[in-house]
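Working notes, beginning with the structure itself.
What follows draws every value from the coordinates through simple rules; no lab data is involved. What you are looking at is a predicted structure, and each value in this text was computed from that prediction instead of being measured.
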Amino acid sequence: MPSHAASSSEITAGGGIARRRKLQAEVLQLAPADRSRLFERLIASLDSDADVERAWEEEADRRERELDSGVATVVPAQEAIARLRQRILR
């Protein structure tokens, strides 16, 4: 890998497509665990809105309380998908 990190302007400037392809090829050579960690960091870098993060945390907490209290129940993924398909196809 290059010894310096490319800035976003270097990546998007002229020749950006070639640079992105080279970067992608280098990333794909990483071990799966390293690619996974990189992926998580990249996704996290996109989620920088504190209000959105707080809202999702509150929603997750609400859903957990509903499960704990019995107001909501867990539905297996295949069943949930089947239910959604039935609603869509009506």
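Structural remarks
- Tensor-based shape of segment 28-77 (alpha-carbon gyration tensor, a/c under 1.5 rounded, otherwise prolate or oblate): oblate
- Note on segment 55-90 and segment 15-36: Cα centroid distance 36 Å, given to the nearest whole angstrom.
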